[in-house]
Amino acid sequence: MSNLFYQSRQPRPFLDRGEGIYLFDVDGKRYIDGSSGAMVSNVGHSNPRVLAAMRAQMDKATFGYRLHFRTEASEALAAKTAALMPEGIDRVFFVSGGSEAVESAIKLARQYALTQGQDSRWKVISRFPSYHGCTLGALALTGYDPLARPFDPMMRDMPKIAAPTTYLDRDNLSEEERGLKYAELLRDEITAQGPDTVLAFIMEPVGGASTGALVAPESYYGRIREICDEFGILLIYDEVMTGAGRTGKFLAAEHWGITPDIIALSKGFAAGYAPLGAMVARNDIVEAVLDSGGFLHGFTYAGNPLACAAGLAVIDEIERADLTGNAARMGEVLKARLEGLMARYAFIGDVRGKGLLLAFEMVSDRDTMEPLPTALNAHSRLVELAYERGLIIYSRRTRGGITGDHFMIAPPLIITEAQVDEMMAILEDALDAFALDAGLAVAA
Ligand code: PMP
C-alpha cells in the first residue's frame, strides 16, 4: 500500500524522466505525452532554458513572503503577462493553480460590484458542461455533475446555460444562426435570474475535457460580449487550459478579437515546471477594489519567485521558439490526421478543437450522434490500449446531460510533424485493438 492517494485506485508506473514530448518510466518504457499531462506541458519536458532559469532563481531565493518583499521574478512575469493580454487587461494576481485563478476572478468581480454600489449582484452564470476547478467556489461554476452533485449542500447554486454543443444539433440553422441561438441563452438566463442579481459570466473559449475541445461558431463570441455589456455583467474567460499558446494564439480570446474583463490562466503558463496560475484583470476593476480598502483574498504562495521564474522562462521559450505558431501549424496537421481517421473508423463521430487543443468523440451512429453503449467503457479502454503502446491521451465520458466518450489529443506545442506521425501510428494501432475488442467495424 502507498500512503499517497489521489481520486481513485489506478496504479501507474513510477515516472523516471521527461524529455521533449516524451516521458520515461523507471523500467525505461517511453511514452509520448499526447495530452501534455492534463494539457499542461506546453514547452515539453526538461526544457534546458527553463531549468537553467529555475536553477538561477533557486540559488538566490525560493521564497519571500509577498507582504515582506517584492521579487524581480514576480514583477517581471507580471509585466510580461500584461504585455501579452488585450489592451487594458494589465493587472496580474498570482496564484498556484487553475481553481485558485477562478476563485480569485469571481471574488474580484464581487468586490468590484460592491465598489459600484451593486450589492445585489452575486450570481456567476456558467455553462453546462464545463470545468472551472474543484474548490467549492470554482466547483459551483463547473458544469460536470459527477464531480459537483455530492457537494451541493455545501455550495451556492449558480445558474448554468447550455454550452454550444452544435455538433449534436440537427436543425436547419446556419453556423452563424446556431452561434447566436446559443449566445442568446445567456440573455434569457440573465433575464430569468434578474439582471441586477447577475455579477459575471464565465466561459472556456475552447472547452476542455468536459466538452472535448468544444469550439463555438464565430458568431457566438461577439454576441456573448455584447450581451454582457448590455447588462453590465463582467465577462470572465477561463483560459486555464487554452492560454499560453495552446490554441495557436497566446490567448484563445485573440481568435475572435474578444476582450474579456478578467482572465484566468494556469496549466501551460508555467507548463508544469512549477505550480502557478494568474488572474489578470482590467486595470480600473483592480484600482476600484484597491481604493475600496483592498482585495480581500490571497494565497501564501502567491508570487512565489521560483514559480514565477519558471513561468517567465516558459513564456520566453514560447516566444523564442514561436510555439504559438507551431501550435497553429501542427494543430492543422494533426486535426487533418484525426479527421482522416473517420474514414477508417465509423465509430468516430466528430473531430474538433483549435491549435493543439483537439479531441475526437466516439459514437455508435454518426447520423444521430448516439453515444457508444456505456458497457463498452470506451473512454477508459482506449486510453489503456494507447498507454500500453506508449501513448498518453486524456478522456472523459460526458456530453451535456448524456454520456459520450471523447478523447483529448493535446501534445506539447514543440511537437514536430514526424512526431505527429509517430503519435498517429500508435493511436491507430490502439483504435484497431479497441475496435477488435468491442466488435466494431473497421474499414480497410
Ligand atoms: N479551469 C479550466 C478550464 C481547467 O481546465 C482546469 C483544470 N482542468 C481548471 C480550471 C482547474 O485547474 P486546477 O486543476 O489547476 O485547479
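The values are calculated or read from the model by the stated rules, or taken from the named source; none is laboratory data. In this text the structure is predicted, and so the values were computed from the model without any measurement. Neighbour counts are summed over all protein chains in view; Cβ atoms, including those assigned to glycine, are modelled from backbone coordinates with ideal geometry. When the accessible area is computed, the model is the full protein with side chains, heavy atoms only, and any ligands, DNA or RNA have been set aside. Shrake-Rupley method; radii C 1.70, N 1.55, O 1.52, S 1.80 Å.
Take the residues in segment 155-180 that are charged (D, E, K, R) and modelled with pLDDT of 95 or more; name whichever of them is nearest to R121 (Cα to Cα). Step through it out loud before you land on a result.
In the first step, residues of segment 155-180 are kept if they are charged (D, E, K, R); the result is 156-157, 160, 169-171, 175-178.
Checking which are modelled with pLDDT of 95 or more leaves us with 160, 175-178.
Numbers: K160: 16, E175: 33, E176: 31, E177: 30, R178: 29 Å.
Step by step, filter segment 155-180, then rank; the result is K160.
In segment 395-419, what residues are surrounded by 17 or more Cβ atoms within 10 Å (Cβ to Cβ) and modelled with pLDDT of 95 or more?
At the first step, the residues of segment 395-419 found to be surrounded by 17 or more Cβ atoms within 10 Å (Cβ to Cβ) are 395-399, 404-415, 419.
Matches in segment 395-419: F407, M408, I409, A410, P411, P412, L413, I414, I415, Q419.
Restricting to segment 237-267, what's the tally of residues that are part of a loop (DSSP other than H, G, I, E, B), small (G, A, S) and within 10 Å of the ligand (Cβ to nearest atom)?
Residues that pass the stated criteria total 2.
Check whether at least one residue in segment 219-232 is within 24 Å of H406 (Cα to Cα) and open to solvent by 10 Å² or more (accessible area, probe 1.4 Å), and report yes or no.
no
Within the bounds of segment 202-213, is there any residue that is open to solvent by 40 Å² or more (accessible area, probe 1.4 Å) and either within 16 Å of the ligand (Cβ to nearest atom) or in a helix (DSSP H, G or I) (or both)? Lay out the reasoning, then the answer.
Residues of segment 202-213 open to solvent by 40 Å² or more (accessible area, probe 1.4 Å): none.
The answer is no, given that none of the residues of segment 202-213 is open to solvent by 40 Å² or more (accessible area, probe 1.4 Å) and either within 16 Å of the ligand (Cβ to nearest atom) or in a helix (DSSP H, G or I) (or both).
So which of D171, D157, D188 is open to solvent by 20 Å² or more (accessible area, probe 1.4 Å), part of a helix (DSSP H, G or I) and of a type in the set (D, E)?
Testing whether each residue is open to solvent by 20 Å² or more (accessible area, probe 1.4 Å), part of a helix (DSSP H, G or I) and of a type in the set (D, E) leaves just D188.
I'm told T81 meets every condition in (1) away from the ligand (no atom under 16 Å from the Cβ); (2) outside any loop (DSSP other than H, G, I, E, B); (3) touching a helix residue (DSSP H, G or I) at 6+ places or on another chain (Cβ under 7 Å) except one. Can you identify the failing condition by its number?
All conditions pass for T81, except number (3).
So, of the residues in segment 112-135 that are more than 15 Å from the chain's Cα centre (by Cα), over 16 Å from E189 (Cβ atoms) and part of a loop (DSSP other than H, G, I, E, B), which turns out to be farthest from the ligand (Cβ to nearest atom)?
G117
Search segment 122-151 for residues that are under 17 Å from A213 (Cβ atoms) and open to solvent by 10 Å² or more (accessible area, probe 1.4 Å) and pair each with any residue that is more than 10 Å from the ligand (Cβ to nearest atom) and polar (S, T, N, Q) when their beta-carbon atoms are under 8 Å apart and the residues are at least 6 apart or on different chains.
Y144/T398
Which of (1) open to solvent by less than 60 Å² (accessible area, probe 1.4 Å); (2) under 26 Å from T135 (Cα atoms); (3) not in a strand (DSSP E or B); (4) not acidic (D, E) does L67 not meet, given it meets every other one?
It fails just one condition, (1).
Answer with yes or no whether I285 is under 20 Å from the mean Cα position of the chain (by Cα), at pLDDT 95 or above and β-branched (V, I, T).
So I285 does not fit the description; no.
When the residues of segment 1-30 are filtered to those that are under 22 Å from the mean Cα position of the chain (by Cα) and aromatic (F, W, Y), which remaining residue is farthest from T324 (Cα to Cα)?
Y6
For segment 90-104, which residues satisfy the criterion of being part of a helix (DSSP H, G or I), more than 8 Å from the ligand (Cβ to nearest atom) and open to solvent by 20 Å² or more (accessible area, probe 1.4 Å)?
E103
Checking Y387 against (1) under 24 Å from the mean Cα position of the chain (by Cα); (2) among the aromatic types (F, W, Y); (3) open to solvent by less than 10 Å² (accessible area, probe 1.4 Å), which single condition isn't satisfied?
Looking at each condition in turn, Y387 falls short on (3).
Can you find a residue that is within 16 Å of the ligand (Cβ to nearest atom), among the small types (G, A, S) and closer than 25 Å to K107 by Cα anywhere in segment 175-183?
Within segment 175-183 (the criterion being within 16 Å of the ligand (Cβ to nearest atom), among the small types (G, A, S) and closer than 25 Å to K107 by Cα), the answer is no, since none of the residues qualifies.
A264: in contact (Cβ under 8 Å) with a residue 12 or more places away in the chain, surrounded by fewer than 20 Cβ atoms within 10 Å (Cβ to Cβ) and of a type in the set (G, A, S), yes or no? Let's see the steps before the verdict.
Working: in contact (Cβ under 8 Å) with a residue 12 or more places away in the chain: yes; surrounded by fewer than 20 Cβ atoms within 10 Å (Cβ to Cβ): no; of a type in the set (G, A, S): yes.
For A264, the condition - in contact (Cβ under 8 Å) with a residue 12 or more places away in the chain, surrounded by fewer than 20 Cβ atoms within 10 Å (Cβ to Cβ) and of a type in the set (G, A, S) - is not met.
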